Ligand code: ATP
Ligand code: MN
């Protein structure tokens with residue numbers, strides 16, 4: 001259909017006085033004795049186009065005034081009575097799709113809880129329009145950043161036979177119904193599609209390392225799957241994962257890249273989504289723009305796990321789970337560190353080896369590994385990364401200590417035999433990033449159809 005995007009109709013002042021056709025859905029309707037006002041949205045911009053109807057010249061059918069109705073409007077663009085943009089003086093209004101009164105998105109601000117029950121319609125609200133525009137801009141910026149810095153974009157398999165130990169429970173991939181007669185699990189899987197137990201990948205890292213050992217700098221940007229039983233506001237069963245992997249890099253390089261990437265992404269959203277951020281700043285998180293501007297312009301903190309525990313132990317009375325050296329940091333500790341102690345994003349480094357994965361580089365102290373988590377206010381962990389263990393013997397020892405089946409990791413071990421080099425990388429949860437830059441507090445509200453325990457609407 002020949003028509004003009006509302007984003008253009010609204011902002012292009014050179015179009016004033018010209019005839020235009022716009023298409024969109026009715027978002028508001030009000031009228032006085034002489035004039036009727038319709039606001040139309042077509043998704044192209046958060047601000048909506050006001051359509052003005054002179055009732056003495058044009059009849060508007062009741063169907064065209066219903067919220068959610070889809071219309072095509074032909075008219076003349078003029079400078080808006082209020083504000084800088086344009087509005088449209090209607091000459092002809094055509095109903096494209098009627099919308100009955102049961103339409104669940106009504107004018108009163110509906111709650112996010114309610115909107116979660118109608119994932120197929122919630123995108124028609126300002127909040128979700130803004131979220132998904134920010135999400136799209138951020139995704140483009142991620143590719144732009146890595147491309148500009150010489151990284152190759154690789155696609156790692158989603159179906160895998162290894163479970164990237166330590167990263168969470170795997171979903172199983174099978175074509176077989178359950179067979180209670182199978183003598184053993186092994187026999188059962190032997191008859192399955194791949195002949196071995198297979199699942200959905202929790203991370204592309206292990207394959208990402210394969211690519212980095214040849215291409216130097218790579219990143220993946222795709223879905224990861226975790227059968228998280230946690231039901232929190234920060235976990236999904238299916239989330240999007242950005243995982244750069246860099247050869248000839250040590251932990252400080254990994255930290256530098258993570259900080260640079262995050263600042264680049266924040267700046268991209270600040271520049272490209274001003275209307276959306278204004279909206280979030282007003283209705284979702286007061287002070288959001290100032291927070292992001294400040295974060296993009298100042299250094300992130302860095303703190304070892306050991307120092308972090310020293311700080312947290314003094315505050316143990318306030319925590320549900322008191323900490324000591326060796327404990328895993330819970331969300332309450334992560335938030336306390338980044339919100340109360342540092343007041344900005346903080347990289348926690350050098351965790352005890354027992355609470356981290358087998359592939360992380362073992363430090364000289366024999367107790368810690370060269371890992372880092374980036375914690376940000378409001379969310380907690382947004383990035384998890386590390387330098388990888390490049391030494392064959394040490395890697396084997398870490399796998400043995402965890403009683404892992406080394407035969408399943410032959411290829412991964414080969415990388416430590418054939419020209420092994422220091423390398424590292426990290427995983428950034430895309431939805432957690434979108435939460436951070438929008439202020440949205442529930443991860444289910446920044447993805448189209450959230451999947452979590454007992455929820456696959
Ligand atoms: P957490 O401790 O928050 O459960 P994790 O340590 O299991 O996360 P990593 O394995 O380090 O997570 O994954 C890298 C990043 O991927 C995390 O920092 C986070 O941003 C994101 N992430 C991990 N699990 C999930 C999930 N279930 N849903 C959404 N994002 C996730
Ligand atoms: Mn982590």
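The values are calculated or read from the model by the stated rules, or taken from the named source; none is laboratory data. All figures in this text were calculated on a predicted structure; none of them were measured in a lab. So basically every Cβ, Gly included, is an ideal-geometry build from the backbone, and we count neighbours across all protein chains shown.
Residues of segment 40-82 that are under 35 Å from the mean Cα position of the chain (by Cα), assigned to a strand (DSSP E or B) and surrounded by fewer than 19 Cβ atoms within 10 Å (Cβ to Cβ): 70, 72. Only a single item in (1) crowded, with 22+ Cβ neighbours inside 10 Å; (2) touching a helix residue (DSSP H, G or I) at 6+ places or on another chain (Cβ under 9 Å) is not met by residue 224, and it is number (2). Residues that are within 12 Å of ligand 1 (Cβ to nearest atom), under 25 Å from residue 172 (Cβ atoms), crowded, with 17+ Cβ neighbours inside 10 Å and at pLDDT below 95 do occur in segment 228-238, at least one of them. Highlighted here are the helices (runs of 4 or more DSSP H) found entirely within segment 198-311 that include at least 1 residues which are within 16 Å of ligand 2 (Cβ to nearest atom) and assigned by TED's automatic domain parsing to the domain that holds residue 355: 205-215, 251-272.
Scan segment 290-315 for residues that are surrounded by 15 or more Cβ atoms within 10 Å (Cβ to Cβ) and within 21 Å of residue 258 (Cα to Cα) and the total you get is 11.
Say whether the condition of being in a helix (DSSP H, G or I) and in the same structural domain as residue 292 (by TED's automatic domain parsing) is met by at least one residue in segment 356-367.
Initially, segment 356-367 is screened for residues in a helix (DSSP H, G or I), giving none.
Within segment 356-367, none of the residues are in a helix (DSSP H, G or I) and in the same structural domain as residue 292 (by TED's automatic domain parsing).
Going through (1) modelled with pLDDT of 95 or more; (2) closer than 30 Å to residue 115 by Cα; (3) more than 11 Å from the chain's Cα centre (by Cα); (4) within 16 Å of ligand 1 (Cβ to nearest atom) one by one, residue 426 falls short only on (2). Of all residues in segment 322-338, exactly one satisfies the criterion of being out of contact with any strand residue (DSSP E or B) (no Cβ under 9 Å at 6 or more places or on another chain) and either within 14 Å of residue 251 (Cβ to Cβ) or in a helix (DSSP H, G or I) (or both), namely 336. Restricting attention to segment 83-102, report how many residues are assigned to a loop (DSSP other than H, G, I, E, B) and touching a helix residue (DSSP H, G or I) at 6+ places or on another chain (Cβ under 9 Å). Count: 4.
May I ask you to verify whether residue 381 is surrounded by fewer than 21 Cβ atoms within 10 Å (Cβ to Cβ), within 16 Å of ligand 2 (Cβ to nearest atom) and not in a loop (DSSP other than H, G, I, E, B)? When the stated conditions are applied, residue 381 passes them. Taking the criterion of being crowded, with 22+ Cβ neighbours inside 10 Å, away from ligand 1 (no atom under 14 Å from the Cβ) and not in a helix (DSSP H, G or I), the only residue of segment 388-404 that qualifies is 389. Tally time: how many residues in segment 429-449 are within 20 Å of residue 378 (Cα to Cα) and not in a helix (DSSP H, G or I)? Of the residues in segment 429-449, 7 are within 20 Å of residue 378 (Cα to Cα) and not in a helix (DSSP H, G or I).
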